[in-house]
Amino acid sequence: MELSGAEIVVQFLKDEGVEHVFGYPGGAVLHIYDAIFRQEDVKHILVRHEQGAVHAADGYARATGKPGVALVTSGPGATNAITGIATAYMDSIPLIVLSGQVQSAFIGSDAFQEVDAVGISRPCVKHNFLVKDVHDLVSTLKKAFYVATTGRPGPVLIDIPKDTTDIAIKIPYVFPHHISMRSYNPTVKGHSGQVKRALDLLASARRPMLYTGGGVILSNASAELTEFTQVLGYPITNTLMGLGSYPGRDKQFVGMLGMHGTYEANMAMHECDVLVAIGARFDDRVTGDVEQFCPNAKIIHIDIDPASISKTVRVDVPIVGDIKAVLTDMLKELKGVKKQNDSKALENWWKQIDKWRTADCLRYDRNSALIKPQFVIEKLCEVTNGDAFVTSDVGQHQMFAAQFYHFNKPRRWINSGGLGTMGFGLPAALGVQMAHPGAPVACITGESSIQMCIQELATAKQYDLPVKVINLNNSYMGMVRQWQEFFYDKRYSQSHMAVQPDFVKLAEAYGHVGMHIDKPADVEGALKEAFAMKDRLVFLDFVTDEKENVYPMIAAGKGQHEMHMAPEWELI
Amino acid sequence: MRHIISLLMENEAGALSRVAGLFSARGYNIESLTVAPTEDSTLSRMTLVTIGSDEIVEQITKQLNKLIDIVKLADITEGEHLERELMLLKVLANTAEQREEVKRMTDIFRGRVIDVMDATFTIEITGNGHKLDAFIEAMRQSDIIETVRSGATGISRGSKCLHV
């Protein structure tokens with residue numbers, strides 16, 4: 001089969017199993033868009049801003065485990081995509097971003113819509129390529145998918161000059177089923193000696209703790225993690241990125257850890273004597289002050305990325321490998337020889353944890369005349385049976401969602417954890433809905449975040465994506481306001497969203513349904529009504545208590561045991 | 001601690017910028033960096049000299065290993081190794097006395113005068129960094145016009161080697 005470069009791009013995507021491409025056309029990618037027009041296998045979703053394209057592809061990837069694909073033009077198309085690429089990079093999400101480039105003869109001449117996309121994206125991609133010769137196109141595409149989806153996943157950008165996709169030049173095309181790269185061979189299987197050492201250490205634990213992150217979800221190892229945890233009978237906490245990898249309602253689950261994690265999770269971390277970190281990277285929002293982090297613990301760390309091991313916290317037993325493969329090996333060993341745990345010590349440990357649980361650290365005022373954001377999330381969880389796909393933006397609403405929506409399955413909780421990108425939630429929700437057409441999808445957001453990518457409401461209309469937007473509207477950048485209250489003596493500098501659109505009318509202007517809710521008694525009814533509208537996007541504008549803060553909290557730089565609880569006066 | 005890290009990488013456009021970018025993005029020190037193609041034209045060999053604690057250098061090698069274009073790397077300072085750097089040094093050599101002194105000093109350091117002009121000598125000298133520093137110190141009495149150093153390169157001793 002002889003194809004042009006543009007046709008090769010599209011045919012390759014089809015052969016690679018890509019069903020959806022999120023993109024926005026422009027001069028440098030016109031050849032590719034023409035090839036897209038002349039086929040029906042790869043569906044293109046036209047977004048309203050390139051940032052939206054990448055977030056949507058990202059949401060799609062997080063919800064399916066398949067790589068997301070975005071297509072943007074040169075210059076501003078590529079620069080608009082950068083925030084999305086960096087978001088995916090920080091959370092290790094497999095993405096392929098195809099960016100157009102000016103003709104190769106013009107590269108470096110400051111041509112119209114020229115930007116050094118490879119240079120600009122370099123610090124926030126796993127790898128990138130510039131394909132100047134159409135003959136290199138197929139092998140580069142194959143390498144890009146291979147690199148993006150294996151090892152520690154991540155975004156890969158392919159910059160394609162316009163002449164590479166020239167429709168007049170046709171070359172033979174064969175889809176390569178395999179590829180190997182001498183410079184890239186991720187370790188999958190864990191070292192068996194290390195696995196044994198880890199199991200010995202685990203068996204000797206008197207106060208063990210499992211701390212697991214997004215790597216478990218990326219590795220599709222939730223079932224193995226759940227079995228591993230339950231065979232051991234040890235307490236488990238998840239990071240923000242790991243929520244859903246272990247059932248959120250299970251008795252062994254002590255909640256999320258970190259800056260806004262539960263008291264019991266953070267205290268158990270601080271007091272444990274053996275810590276097993278699985279697919280987690282000791283982020284500063286988790287560790288607090290590293291000097292005081294898990295002061296009494298021997299640490300086992302399982303991760304596919306050797307550079308994640310001993311990066312911020314020294315570990316005692318590192319295991320480099322794919323989480324699923326390593327946990328499978330560990331389970332086999334565990335079941336083979338029953339190691340003797342100190343059951344009395346474990347019993348005492350659980351007693352201690354249950355005592356911490358009585359602090360009821362997530363309490364809030366349930367009798368408030370104002371809508372509490374926590375209450376909305378609780379009701380959302382009830383109405384959707386804890387089984388919706390939930391995306392979020394960044395800020396207080398993100399933390400409330402993490403604390404109050406109990407995720408029972410992996411790939412249900414989709415948020416920008418590492419980069420903390422406001423504007424992520426709505427386009428990501430569109431990607432999720434595209435991947436799971438019939439499933440309930442909620443985007444938990446705030447009046448500030450939602451306005452950063454609000455234009456994607458039009459995309460939702462064009463493709464009939466019935467996302468439910470849960471707008472927790474407190475008229476403030478809530479997390480900024482909270483820090484200004486605590487650390488800047490209530491000087492609320494530029495965090496007040498004094499002017500806002502009428503979100504109901506705005507939703508209607510885009511052809512959606514808008515709802516305004518300002519009484520706690522109306523919350524549940526509104527949610528039920530919205531989710532009953534299965535074929536409509538509903539924008540629910542909840543007017544919430546502007547003074548509500550996220551508790552408990554570890555202030556930046558403090559130890560895990562130095563949590564602030566909600567002050568009693570807020571509970572009246 | 002000073003470490004010499006040798007890298008074999010794909011001879012691709014942009015590979016050098018990935019390494020340099022990694023060091024600036026993560027705040028690592030580069031004391032010197034040299035790179036050139038090897039006998040295998042698809043591979044380049046880079047020698048990096050960096051200074052950092054054991055933890056930092058461990059991170060540096062891990063992060064370098066993560067770069068897709070890097071095929072293999074070794075911290076050659078972990079074992080016995082040879083280190084060489086080339087320096088070219090141009091000095092004023094106007095008078096017979098000056099010329100004699102420069103030539104004498106160059107011989108002592110086993111350097112070579114490789115260019116002779118009316119008023120200047122250019123000297124080539126190789127060695128480790130300390131030797132080159134010492135030579136510059138010894139030449140202080142002469143008028144040094146210009147120096148250029150290649151940065152360190154190195155190789156492990158014996159059977160230990162970095163190849164694909």
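Bear in mind these aren't lab numbers, they're just calculated from the coordinates by the rules spelled out. This one's a predicted model, so the numbers in the text were calculated from it and none came from an experiment. Don't worry about glycine lacking a Cβ; one is built from the backbone with ideal geometry, like all the others, and counts go over all protein chains shown.
Expressed to the nearest 5 percent, the antiparallel share of DSSP beta bridges inside chain A is 5 percent.
Residue pairs exceeding 24 angstrom between C-alpha atoms, taken from A:372/A:528; A:409/A:528; A:14/A:461; A:126/A:409; A:189/A:332; A:142/A:170: A:14/A:461; A:126/A:409. As a ratio to 2.2 N^0.38 Å, the alpha-carbon radius of gyration computed for the range A:64-116 takes the value 1.29.
Between the range A:86-158 and the range A:15-38, the alpha-carbon centres lie 15 Å apart.
Farthest toward the positive end of the dipole of the protein assembly as shown, out of A:101, A:486, B:138, is the Cα of A:486, where the dipole comes from beta carbon charges about the Cα centre. Restricting the range A:184-249 to trypsin sites (Lys or Arg not before Pro) that sit in a DSSP loop and have at most 11 other Cβ atoms within 10 Å of their own Cβ leaves A:249.
Report, ordered by chain and residue number, the aspartates and glutamates lying within cross-link reach of residue A:335, taken as a straight Cα distance under 14 Å and ignoring same-chain residues fewer than 8 apart. Once the sequence-local aspartates and glutamates are set aside, what remains near residue A:335 is A:200, A:224, A:227. Straight-line cross-link reach from residue B:103 at under 22 Å between alpha-carbon atoms covers these lysines, not counting any fewer than eight positions away in the same chain: B:90, B:131.
On the beta carbon distance between residue B:119 and residue A:546, with R0 = 56 Å, the FRET formula returns roughly 0.10.
Ellipsoid fit via the Cα gyration tensor, the range A:321-418: semi-axes of 34, 22, 11 Å, each the root of five times an eigenvalue, largest first.
Among the chymotrypsin sites (Phe, Trp or Tyr not before Pro) in the range A:454-483, none is located in a DSSP loop while being surrounded by at most 11 other Cβ atoms within 10 Å of its own Cβ.
Centroid-to-centroid, using Cα positions, the range B:97-158 and the range A:243-267 are 65 Å apart. Evaluated on chain A, the Kirkwood hydrodynamic radius is 24.7 Å, with distances taken between all distinct Cα atoms. Computed about its Cα centre, the charge dipole of the protein assembly as shown is approximately 1700 debye, with only Lys, Arg, Asp and Glu carrying charge at their Cβ.
Per residue of peptide B:63-71, the mean number of Cβ atoms on other chains within 10 Å of the residue Cβ is 5.
The range A:165-272 gives an Rg/Rh value of 1.22, both radii derived from C-alpha positions and Rh following Kirkwood.
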